[in-house]
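Enquirer: Quick one: the structure is below, questions incoming.
The values are calculated or read from the model by the stated rules, or taken from the named source; none is laboratory data. As the structure is a prediction and not an experimental result, all values here were calculated from the model. Don't worry about glycine lacking a Cβ; one is built from the backbone with ideal geometry, like all the others, and counts go over all protein chains shown. In case anyone asks, the SASA skips ligands and DNA or RNA and just uses the protein heavy atoms, side chains included. Shrake-Rupley method; radii C 1.70, N 1.55, O 1.52, S 1.80 Å.
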Amino acid sequence: MQICEDMSLFIASLNSGSNGNCYYVGNEHEAVLIDAGISCRETERRMLRLGLSMQKVKAIFVSHEHSDHINGIPVIAKKYRLPVYITPPTLQRGGLMLDQELVISFGAFDTIIIGDLHVTAFPKQHDASNPHSFLITCRDVKVGVFTDIGIVCENLVNHFSQCHAAFLEANYDDEMLDKGGYPYHLKRRIRGGQGHLSNKQALELFTTHKPAFMTHLLLSHLSKNNNDPQLVRDLFDDCADGVNIIVASRYVETEVYYISNTVNDVPVSKPRRVEVTVQQISLF
Ligand SMILES: [Zn+2]
Ligand SMILES: [Zn+2]
């Protein structure tokens, strides 16, 4: 199979969870970080282990102001002179100390072009000032970063159903949250529509709206106390339907995953009907 790397994306979670979130998405030439919630030193260390270069990173995009998404930003942005794409309310509420010249604001449904990468922001339900999710497109390959989401809204369904790969929040198991020791107000906050997505909500989105061409699902932002990585893996493996299921860790980076449009990887010299066959097989 011929692989055209210009049409592909490389993705990894550097950390995922309430202790820090940072997601790498890039092609051969340029990359972006979605959130930077672990320290600069730890971000560098993990990227180095993965063979990813900070020199390719051209920008940081900020989903919302919670500390697990912004803690590393001031040092990383300053050291590498990286522009930080952030909405004005998020900047204000996050209290980030950044060089004015590195701050670039965006609004809902804006698409920002970074080389061959197109990053589209869309609003989500979460208890922050102006939270957004992101869809990163390179040619026709699409990767979504969907964490810290209270409910599955229409925007999420629309964007999830376009993805070849997605980081999708599976924050808590209903029963573990119910029976766990969290105070009532915190339990209510988590599942109240402005908090986090449960395993069940994530699974329903996945089984109902995953497109036939999705190849990777990276389950993200798992709660330390109200979830269990093995439980999440078992739940999704049963419904994977050929999709590679990865559970992103709150302690270490994932591997780097190579995401491409498999239909377009069919060598052009082959007859057209081969492509059609590939497409049909992936529908079932
Ligand atoms: Zn978070
Ligand atoms: Zn949050």
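Enquirer: I'd like to check which helices (runs of 4 or more DSSP H) are fully inside the range 36-92 and have at least 1 residues that are farther than 23 Å from residue 131 by Cα and away from ligand 1 (no atom under 16 Å from the Cβ).
Expert: On the way: elements: 40-50, 67-70, 73-80.
Per the criteria, 40-50, 73-80.
Enquirer: A further question follows. State the number of residues belonging to the range 214-229 that are touching a residue at least 60 places away in the same chain (Cβ under 8 Å) and of a type outside the set (D, E, K, R).
Expert: Step one: list which residues in the range 214-229 are touching a residue at least 60 places away in the same chain (Cβ under 8 Å), which gives 216, 218, 220-224.
Now narrow it down to the ones that are of a type outside the set (D, E, K, R): 216, 218, 220-223.
Going through the range 214-229 one residue at a time, the tally reaches 6.
Enquirer: Mind counting the residues in the range 32-56 that are within 20 Å of residue 87 (Cα to Cα) and in contact with a helix residue (DSSP H, G or I) (Cβ under 7 Å, 6 or more places away or on another chain)?
Expert: Start the filter on the range 32-56 by keeping residues that are within 20 Å of residue 87 (Cα to Cα), which leaves 32-37.
Cutting the leftovers down to in contact with a helix residue (DSSP H, G or I) (Cβ under 7 Å, 6 or more places away or on another chain) gives us 35-37.
Matching residues across the range 32-56 total 3.
Enquirer: Is it the case that some residue within the range 102-111 is in contact with a strand residue (DSSP E or B) (Cβ under 6 Å, 6 or more places away or on another chain), buried (at least 17 other Cβ atoms within 10 Å of the Cβ) and in a loop (DSSP other than H, G, I, E, B)?
Expert: yes
Enquirer: Counting only residues that are open to solvent by 40 Å² or more (accessible area, probe 1.4 Å), away from ligand 2 (no atom under 14 Å from the Cβ) and either farther than 21 Å from residue 55 by Cα or among the small types (Gly, Ala, Ser) (or both), how many does the range 65-88 have?
Expert: 1
Enquirer: On the given criteria, is residue 32 surrounded by 19 or more Cβ atoms within 10 Å (Cβ to Cβ), within 16 Å of ligand 2 (Cβ to nearest atom) and within 26 Å of residue 215 (Cα to Cα)? Even if it seems obvious, please write down each step before you answer.
Expert: Values: surrounded by 19 or more Cβ atoms within 10 Å (Cβ to Cβ): yes; within 16 Å of ligand 2 (Cβ to nearest atom): no; within 26 Å of residue 215 (Cα to Cα): yes.
When the stated conditions are applied, residue 32 does not pass them.
Enquirer: Could you check the range 229-278 and list, in sequence order, the residues that are exposed (fewer than 15 other Cβ atoms within 10 Å of the Cβ), on the phi < 0 side of the Ramachandran plot, modelled with pLDDT of 95 or more and not hydrophobic (A, V, I, L, M, F, W, C)?
Expert: Hits for the range 229-278 are 229, 230, 234, 237, 238, 244, 251, 255, 258.
Enquirer: Pick out the one residue from 148, 127, 174, 178 that is among the acidic types (Asp, Glu), over 15 Å from residue 214 (Cα atoms) and open to solvent by less than 50 Å² (accessible area, probe 1.4 Å). Outline the logic, then answer.
Expert: Numbers: 127 fails: open to solvent by less than 50 Å² (accessible area, probe 1.4 Å); 174 fails: open to solvent by less than 50 Å² (accessible area, probe 1.4 Å); 178 fails: open to solvent by less than 50 Å² (accessible area, probe 1.4 Å).
Being among the acidic types (Asp, Glu), over 15 Å from residue 214 (Cα atoms) and open to solvent by less than 50 Å² (accessible area, probe 1.4 Å) holds for just one of 148, 127, 174, 178, which is 148.
Enquirer: Criterion first (in contact with a Gly (Cβ under 6 Å, 6 or more places away or on another chain), more than 20 Å from residue 194 (Cα to Cα), aliphatic (A, V, I, L, M) and touching a residue at least 24 places away in the same chain (Cβ under 8 Å)) does residue 38 satisfy it?
Expert: Details: in contact with a Gly (Cβ under 6 Å, 6 or more places away or on another chain): yes; more than 20 Å from residue 194 (Cα to Cα): yes; aliphatic (A, V, I, L, M): yes; touching a residue at least 24 places away in the same chain (Cβ under 8 Å): yes.
Judged against the criteria, residue 38 is a match.
Enquirer: Return the total of residues in the range 112-122 being out of contact with any helix residue (DSSP H, G or I) (no Cβ under 6 Å at 6 or more places or on another chain) and open to solvent by less than 40 Å² (accessible area, probe 1.4 Å).
Expert: Number satisfying all stated conditions: 6.
Enquirer: Further question: When the range 41-64 is examined, which residues are found to be among the small types (Gly, Ala, Ser) and either open to solvent by 10 Å² or more (accessible area, probe 1.4 Å) or within 16 Å of ligand 2 (Cβ to nearest atom) (or both)?
Expert: Answer for the range 41-64, where residues must be among the small types (Gly, Ala, Ser) and either open to solvent by 10 Å² or more (accessible area, probe 1.4 Å) or within 16 Å of ligand 2 (Cβ to nearest atom) (or both): 51, 53, 63.
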